[in-house]
Amino acid sequence: MFKLVATDLDGTFLRDDLSVSPRTRAAVDAVRALGIPVVPVTARQPVGLRDLAEEAGFRSWAVCSNGGLVIDLATGTRLHEAEVSVAAQTALVEALAEALPGSLYVSVRDGGEVFVPVHGYGDIADLRDHKRAPETMGGHPIATVLAEPSLKFIVRHPQVSVPEVLDVVRGLGLTGFGVTHSGAPFVEVMPEGVSKATGLERLCAELGIGRDEVLAFGDAPNDVEMVAWAGHGVAVANAAPEVRAVAAEVTASNAEDGVALVLEKLVAGGGVLRRE
């Protein structure tokens, strides 16, 4: 019997146009009617989740910032918040000044409400990147960007691909942080040891739910730990190979209501997924 459904959003729960299909919304409502919460577990910050939450039917808890923030969307209560230290992000920027000149940075702070980009970052950003209009981002000296700890620290290069940036960061041999990516055009530097799985585990401990009672969905490399951790991890058909490799099941793609297909089976089984 599953007691909680956890789902990534972009590329998994949402269609490619970032909308929620009517079938998926109906499936969420049916699952919630069984008393099973459906929790978004996302790289997004709360600011990028608020408008979507009503459309999707997310009423309470959310795991944001790749597990760095666990927050109640209804009350604003923060159950957990982890940060990348000033020392760790400063050491990274200093090393990348030599290893990858021209890199641009953002510090996301204070529960994801404060967004501090370096000068020039908004010039290459798009609304879809951070669910923030680039013209509202402004720009700051790097000293300001590094002045406070970050819920998430973003590294981006105008000419270098995300996989290449990721390889460079990992190859530096630095400690004090973790690094991942969600399919967005930047690398996400996280507090050391933090992932979607650790954030979800904290929430489940608060709710008295065991990992075997969790059904989780994902598609991107930052979903690997969560899909592997859950009692039943599901990859959508468009998922990265590393996500499919750890999943117990592969459903249809996000464009074909893959999440809804599994949730409908869950509802038909009264909270149990029956083998076909």
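Structure values in brief
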item	result
Hits in segment 154-181 (condition: in contact with a helix residue (DSSP H, G or I) (Cβ under 9 Å, 6 or more places away or on another chain) and hydroxyl-bearing (Ser, Thr, Tyr))	Thr175, Thr180
Residues being in a loop (DSSP other than H, G, I, E, B) and open to solvent by less than 10 Å² (accessible area, probe 1.4 Å) - total across segment 214-229	1
Residues satisfying the stated conditions in segment 123-134, i.e. of a type in the set (Asp, Glu) and surrounded by fewer than 16 Cβ atoms within 10 Å (Cβ to Cβ)	Asp123, Asp126
Strands (runs of 3 or more DSSP E) wholly inside segment 76-122 containing at least 1 residues that are open to solvent by less than 20 Å² (accessible area, probe 1.4 Å) and either touching a residue at least 24 places away in the same chain (Cβ under 8 Å) or of a type in the set (Gly, Ala, Ser) (or both)	104-109, 114-117
Every pair of residues 6+ apart whose Cβ atoms lie under 6 Å, when the first sits in segment 135-164 and is hydrophobic (A, V, I, L, M, F, W, C) while the second is open to solvent by 60 Å² or more (accessible area, probe 1.4 Å) and not in a helix (DSSP H, G or I)	Leu151/Glu83
Segment 261-276: number of residues that are under 15 Å from Phe13 (Cβ atoms) and either modelled with pLDDT under 95 or in a loop (DSSP other than H, G, I, E, B) (or both)	0
Val38 touching a helix residue (DSSP H, G or I) at 6+ places or on another chain (Cβ under 7 Å) and open to solvent by 10 Å² or more (accessible area, probe 1.4 Å)	yes
Residues within segment 41-58 that are crowded, with 16+ Cβ neighbours inside 10 Å and either part of a loop (DSSP other than H, G, I, E, B) or out of contact with any strand residue (DSSP E or B) (no Cβ under 9 Å at 6 or more places or on another chain) (or both), tallied	7
Residue that is out of contact with any Asp or Glu (no Cβ under 6 Å at 6 or more places or on another chain), free of Cβ contacts under 8 Å to residues at least 40 places away in the same chain and either small (Gly, Ala, Ser) or closer than 21 Å to Ala240 by Cβ (or both), where the choices are Ala6, Ala53	Ala53
Filtered residue count, segment 143-195, keeping only those that are among the basic types (Lys, Arg) and part of a strand (DSSP E or B)	2
Odd one out for Met137, checked against (1) open to solvent by less than 30 Å² (accessible area, probe 1.4 Å); (2) under 19 Å from the mean Cα position of the chain (by Cα)	(2)
Some residue of segment 192-203 being acidic (Asp, Glu), more than 18 Å from Val39 (Cβ to Cβ) and in contact (Cβ under 8 Å) with a residue 60 or more places away in the chain	yes
Count of residues meeting criterion [in contact with an Asp or Glu (Cβ under 9 Å, 6 or more places away or on another chain) and either surrounded by fewer than 18 Cβ atoms within 10 Å (Cβ to Cβ) or farther than 10 Å from Leu104 by Cα (or both)] in segment 140-157	6
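To keep it simple, each residue is scored yes or no on (1) more than 15 Å from the chain's Cα centre (by Cα); (2) within 17 Å of Leu172 (Cα to Cα).
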site	(1), (2)
Leu52	no, no
Trp61	no, no
Gly68	no, no
Arg78	yes, no
Ala88	yes, yes
Ala97	yes, yes
Gly102	yes, yes
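The values are calculated or read from the model by the stated rules, or taken from the named source; none is laboratory data. This one's a predicted model, so the numbers in the text were calculated from it and none came from an experiment. Note that we place each Cβ from the backbone using ideal geometry, even for glycine, and neighbour counts take in every protein chain shown. For the accessible areas, the whole protein counts, side chains as well, though only heavy atoms, and no ligand, DNA or RNA atoms are used. Shrake-Rupley method; radii C 1.70, N 1.55, O 1.52, S 1.80 Å.
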